[in-house]
Ligand SMILES: [Zn+2]
């Protein structure tokens with residue numbers, strides 16, 4: 001028995017003779033580590049096929065990861081010994097600082113194998129996970145655009161797989177497969193796979209069939225934009241992997257699929273997006289992304305031009321030429337005919353709930369001003385005029401507009417995406433304005449903007465706590481008696497108070513207003529909303 005145990009110990013190596021990856025230090029390490037090679041790949045420059053080395057992602061029994069590299073000259077020594085998925089005892093390796101690019105984990109150290117490194121394949125142990133990923137949310141991909149220091153792992157439901165194609169890229173003919181995955185919020189991410197990864201993926205997906213619901217993990221991807229990632233020589237994909245993250249995703253996906261929410265049209269979404277400045281300011285950036293448009297009706301009260309009101313930008317992509325490599329070269333588009341002046345208006349806007357800053361750029365500003373920034377710049381005679389508002393822009397102050405605004409970086413700095421005209425501006429969702437007798441004055445912003453509660457009218461009854469929000473202040477109630485029986489408004493509240501102060505005998509004769517837990521029905525609330533929305537948008541509805 002004793003003897004048998006010792007044999008097993010020798011085979012597996014006992015845990016205490018191994019150093020955790022987390023304790024390795026820079027330089028030569030005499031200790032031994034026990035690790036699984038979770039992923040193994042050869043890194044090379046796809047332009048000339050020159051190898052950088054044989055790379056691997058190591059995991060130890062604490063779940064710690066580290067990238068390792070066998071330099072090209074040593075590949076021959078190790079390539080037959082190292083097998084993906086196997087567990088090894090390693091010693092006599094060197095630890096160095098992480099390379100500057102194409103790292104598949106965030107560990108700040110990298111292991112290098114050399115001629116002296118000892119590699120022993122040992123018995124597998126359940127203690128070491130098979131995989132380790134550092135998943136990133138789709139909405140956070142933006143921060144990794146054009147950054148290849150650390151590669152990116154993503155997870156999603158495959159919603160599209162294209163045909164395997166051959167394309168010319170930088171004078172090389174390569175295999176390519178496009179696909180799209182979706183997260184639980186319904187946001188899609190485009191995937192481009194190259195070379196062998198593309199071939200294998202296309203084949204695997206073909207085998208699964210078009211109808212199959214597949215959850216994919218894509219590891220070691222390069223982020224091209226906030227909506228697209230592509231494979232590198234370090235990338236791999238895993239379909240329906242049995243790891244907690246995928247299992248949790250699948251469980252949530254199943255719940256979603258079993259309880260489908262009717263898809264909203266873009267027009268519906270827009271109609272539900274009305275917000276006041278106060279509401280905009282309190283939105284949680286986790287709840288929206290750069291594609292989200294929000295409608296608001298605001299007045300322009302100030303435009304700050306202490307940093308100018310225009311900038312020199314690319315004629316195609318509008319990117320600022322500040323920091324461009326050469327005068328006529330855009331850092332994004334390459335050589336361009338000539339840079340042009342674009343508007344950059346740092347506006348302060350106001351509605352009944354407050355003020356906020358709002359950036360208005362390029363064509364949107366041009367639409368507002370009526371002439372292009374180029375034209376106004378041509379009129380500049382004195383250098384001061386770069387920092388004083390031209391008359392054409394100043395004339396905008398005091399004007400009121402309905403804007404679609406968005407927050408590009410999730411940093412609560414809002415810009416105008418487009419200007420809505422009276423015809424295209426949608427009626428706030430969940431309301432049907434019926435008070436036609438008394439049109440709401442232009443400029444009475446607070447009346448036109450419903451509180452978000454109005455969108456709930458149709459789905460669920462509103463409870464006690466929300467009553468205050470639904471009650472319009474006396475100023476906003478412009479329609480005569482849009483209130484139905486049973487609804488609680490300032491008017492009926494006042495009435496019941498007055499009643500209470502009258503004689504008891506009278507009170508007994510009055511129908512009692514149940515204020516407390518009164519089941520405030522949807523219908524009645526809708527009618528309150530109607531009173532609030534008035535008919536500013538009646539032209540759009542007729
Ligand atoms: Zn450009």
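For region 254-280, what are the residues that are within 21 Å of the chain's Cα centre (by Cα), assigned to a loop (DSSP other than H, G, I, E, B) and surrounded by 11 or more Cβ atoms within 10 Å (Cβ to Cβ)?
Hits for region 254-280 are 264, 272, 273, 275.
Among the strands (runs of 3 or more DSSP E) contained in region 138-229, which hold 1 or more residues that are modelled with pLDDT of 95 or more and closer than 30 Å to residue 410 by Cβ?
Where strands (runs of 3 or more DSSP E) fall fully within region 138-229 and carry at least 1 residues being modelled with pLDDT of 95 or more and closer than 30 Å to residue 410 by Cβ, they are 152-161, 172-182, 188-194, 215-225.
Within region 95-126, count every residue that is buried (at least 17 other Cβ atoms within 10 Å of the Cβ) and under 14 Å from residue 67 (Cβ atoms).
Going through region 95-126 one residue at a time, the tally reaches 9.
Any idea how many residues of region 196-212 are over 29 Å from the mean Cα position of the chain (by Cα) and either within 12 Å of residue 176 (Cα to Cα) or outside the structural domain of residue 239 (by TED's automatic domain parsing) (or both)?
3
Residue 374 versus (1) more than 26 Å from the chain's Cα centre (by Cα); (2) within 23 Å of residue 400 (Cα to Cα); (3) surrounded by fewer than 16 Cβ atoms within 10 Å (Cβ to Cβ): which is the lone unmet condition?
Condition (2) is where residue 374 drops out.
Do any strands (runs of 3 or more DSSP E) lying entirely in region 286-396 carry at least 1 residues that are more than 15 Å from the ligand (Cβ to nearest atom) and without any contact (Cβ under 8 Å) to a residue 60 or more places away in the chain, and which ones are they?
Values: elements: 294-304, 310-313, 340-351, 354-361.
Fully inside region 286-396 and qualifying: 294-304, 340-351, 354-361.
Of the residues that make up region 284-305, is at least one within 30 Å of residue 336 (Cα to Cα) and in contact with a helix residue (DSSP H, G or I) (Cβ under 6 Å, 6 or more places away or on another chain)?
There is at least one residue in region 284-305 that is within 30 Å of residue 336 (Cα to Cα) and in contact with a helix residue (DSSP H, G or I) (Cβ under 6 Å, 6 or more places away or on another chain).
Of (1) touching a residue at least 12 places away in the same chain (Cβ under 8 Å); (2) away from the ligand (no atom under 16 Å from the Cβ); (3) not assigned by TED's automatic domain parsing to the domain that holds residue 215, residue 253 satisfies all except one. Which?
The one condition residue 253 does not meet is (3).
What number goes with the only condition from (1) at positive phi; (2) crowded, with 18+ Cβ neighbours inside 10 Å that residue 323 does not pass?
The failed condition is (2).
Quick test for you: out of 426, 461, pick the one residue that is at pLDDT below 85 and buried (at least 17 other Cβ atoms within 10 Å of the Cβ). Can you show your working first?
Working: 461 fails: buried (at least 17 other Cβ atoms within 10 Å of the Cβ).
Criteria check complete, one pass: 426.
Can you spot a residue in region 32-48 that is closer than 27 Å to residue 197 by Cβ, over 37 Å from the mean Cα position of the chain (by Cα), outside any strand (DSSP E or B) and free of Cβ contacts under 8 Å to residues at least 40 places away in the same chain? Let's see the steps before the verdict.
The initial filter retains those residues of region 32-48 that are closer than 27 Å to residue 197 by Cβ, namely 35-48.
Now drop any that are not over 37 Å from the mean Cα position of the chain (by Cα), which leaves none.
No, region 32-48 contains no residue that is closer than 27 Å to residue 197 by Cβ, over 37 Å from the mean Cα position of the chain (by Cα), outside any strand (DSSP E or B) and free of Cβ contacts under 8 Å to residues at least 40 places away in the same chain.
The values are calculated or read from the model by the stated rules, or taken from the named source; none is laboratory data. Predicted model, so just to flag it, every value in this text is computed and none were measured. All Cβ positions, glycine included, derive from the backbone under ideal geometry; neighbour counts span all protein chains shown.
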